[in-house]
Each structure stands twice: as C-alpha cells, then as structure tokens.
Amino acid sequence: MNIKTKNTGKDNIIKHNKSILIFYSMINFLIFGPPGSGKGTQSVMLAEKFNLTHLSTGDMLRAEIAAGTELGKKMSKIMATGELVPDEVVIEMIAKKIDNSKGSAGFLFDGFPRTVAQTISLEKMLNERGMKIDSMLVLEVNHVELVKRLIARAELSGRPDDKDPAVINNRIDVYKEKTEPIIDYCGKKGIYQPVNGMGTIDDIFKRLSDYMKKLV
Ligand code: AP5
Ligand code: MG
C-alpha cells in the first residue's frame, strides 16, 4: 500500500491511491492532580510552549459566574462547597469548545475529566473526531503543600472555595473519591504518567515539558 503522509502541523493529510484523506493529528493531554497541585499554573505555560488549546472547566464555570448567567448562579452554590457540578454541565461545555478550537497542535485538558463518566464521554468526543487522549500527566503533591498553596492563593484569588479550610479539605476528599479512579482507568490504557509536582514552578514545568516533548 502506498500511503504518503504530510504533517502540516495542524492536520495530517494522507494521500492514498490518489484520494486524499484528512484527519486530525492533534495530540491531547490531560493535566491531572488534586486541587492546588498546579494544573492551572502549568497549563498556561505548557499551552504556550506546545501550541495547545488550554481547556479548563473550572475557568469556564467561573466565567459563567462572572457573567451572571443562570447556569453560573446555580453552579456557584455547588462550587462553593467543593463538590463537583453535574457531569452533563461540563461535558456540554467541553463539547462546544472542541469544535471551535482548530488550528492548535492539540488540547490540554485541565480539571476535566473529573469522573470516570466524564472520561468516557471525552474519549467518545475525541474518537468521533479521529482523536484520543494521548497522555495523562498526574502532578503528585503532598497534602500539606496543597493546603498551604490554596490558603496562600485565597488572599489574592477571591475564590470562595479557597477561603475556608473545610472546603479545601472537602475538595481534596472529593478528588480522592471521585477523580482519582480515573488514574486506574487510564492506567490500563497505558497513558498514565506520574510527575513530581513538588518544587519550584520552573522545575515542574521542565519535568512536564520533558514528558510532553516525547509526544509532540
Ligand atoms: P478547578 O478550578 O478545576 O479547581 P481545582 O481542581 O480545585 O484546582 P485549583 O484550580 O484550585 O488548583 P490547580 O491544580 O489548578 O492549581 P493552581 O495552578 O491554581 O475547579 C473548581 C470547582 O469547579 C470544583 O471544585 C468543582 O466544583 C467545579 N468543577 C471544575 N471542573 C469540573 C468538572 N470537570 N466536573 C465537575 N465539577 C467541576 O495552583 C494553586 C496555587 O498554588 C496558585 O496560587 C499557584 O500560584 C500556586 N502554585 C502553583 N505551583 C506552585 C509551586 N510549584 N510552588 C508554590 N506555589 C505554587
Ligand atoms: Mg486550576
């Protein structure tokens, strides 16, 4: 079979028996870890370095709240307790963004998926578009450091879920109960990559970049 592949940086163009097939060659990463592990901080830097579209469901939800939408009003009550918002709300948000984000080398999902059900939905959305989750980078940070970082951020962020230590602890508990099982799920697919999330922001960025470089 004579297949010629030309990587354009956006899509792969495959020439096969004079017909041209175009499909996405985007590389998609999950940046994963408990609240305060540095997902948002690192995602912004990594998205710029690797030309990825950064999608954070937490940021999208906070934008709804800031815009005063009905959805934002409903979700803010849940977020203030540290519980997860319903799966269907975030799945719909992500679905809308995926088709409006062409032109980058891939997606960097931050804070999504948060449940195994969200993971299965994401896989389906990507598969339907000829893509998959290529790597799950899991930032490992100890409990004391997580709480320290979030309490420090509360001074500046104005995030209600950072202000109350009981809510911070609940967010970490919810992560362990509902989000961590995704590690097992993705581990079986061979895409799980633990990363030491302790140390300086620059050191962690280098560790993450080194793993990502192997794929992009
Ligand atoms: P979300 O916004 O996703 O928050 P989170 O997971 O609780 O995580 P954070 O954003 O607090 O932490 P982060 O890991 O991004 O760390 P960051 O880089 O900011 O979700 C908020 C809520 O929305 C959820 O509780 C839920 O209700 C809802 N939600 C969102 N997505 C959902 C979904 N998919 N399904 C259902 N519900 C959903 O860093 C934290 C701080 O530490 C910063 O101040 C930073 O400057 C600092 N820092 C970072 N790295 C370092 C370092 N190396 N050393 C010292 N300080 C550091
Ligand atoms: Mg975040």
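The values are calculated or read from the model by the stated rules, or taken from the named source; none is laboratory data. Just so it is clear, the model here is predicted, and its values are computed rather than measured. No Cβ is skipped: glycine too gets one built from the backbone with ideal geometry, and neighbour counts run over all protein chains shown. Just so you know, the surface numbers come from the protein's heavy atoms only, side chains and all, with ligands and any DNA or RNA stripped out. Shrake-Rupley method; radii C 1.70, N 1.55, O 1.52, S 1.80 Å.
Odds and ends about this structure:
Residue by residue, here is whether (1) within 12 Å of the chain's Cα centre (by Cα); (2) under 24 Å from D203 (Cβ atoms); (3) surrounded by fewer than 15 Cβ atoms within 10 Å (Cβ to Cβ) holds:
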{"site": "L30", "(1), (2), (3)": "yes, yes, no"}
{"site": "G38", "(1), (2), (3)": "yes, yes, no"}
{"site": "H54", "(1), (2), (3)": "yes, yes, no"}
{"site": "V85", "(1), (2), (3)": "no, no, no"}
{"site": "Q118", "(1), (2), (3)": "yes, no, no"}
{"site": "V141", "(1), (2), (3)": "no, yes, no"}
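- Unmet criterion (only one of (1) open to solvent by less than 60 Å² (accessible area, probe 1.4 Å); (2) within 8 Å of ligand 1 (Cβ to nearest atom); (3) farther than 15 Å from I78 by Cβ) for R159: (3)
- Qualifying residue in segment 190-201 (condition: over 17 Å from L46 (Cβ atoms) and either without any contact (Cβ under 8 Å) to a residue 24 or more places away in the chain or open to solvent by less than 40 Å² (accessible area, probe 1.4 Å) (or both)): yes
- The one condition from (1) under 22 Å from Y211 (Cβ atoms); (2) open to solvent by less than 60 Å² (accessible area, probe 1.4 Å); (3) touching a residue at least 60 places away in the same chain (Cβ under 8 Å) that G187 does not meet is (3).
- Each residue in segment 136-158 was checked for being in contact (Cβ under 8 Å) with a residue 24 or more places away in the chain and either within 19 Å of R62 (Cβ to Cβ) or among the polar types (S, T, N, Q) (or both), and 4 pass.
- Test: residue in segment 164-181 that is in contact with a helix residue (DSSP H, G or I) (Cβ under 6 Å, 6 or more places away or on another chain) and exposed (fewer than 15 other Cβ atoms within 10 Å of the Cβ): yes
- Unique match (being modelled with pLDDT of 95 or more and away from ligand 1 (no atom under 16 Å from the Cβ)) among F32, F50: F50
- Segment 76-90: number of residues that are closer than 16 Å to F112 by Cα, part of a helix (DSSP H, G or I) and of a type in the set (A, V, I, L, M): 3
- Any hit, segment 162-170, residues being modelled with pLDDT of 95 or more, more than 20 Å from V44 (Cα to Cα), within 16 Å of ligand 2 (Cβ to nearest atom) and among the hydrophobic types (A, V, I, L, M, F, W, C): yes
- Where strands (runs of 3 or more DSSP E) sit wholly within segment 94-212, those with at least 2 residues that are among the hydrophobic types (A, V, I, L, M, F, W, C) and closer than 30 Å to N51 by Cβ occupy 106-110, 135-140.
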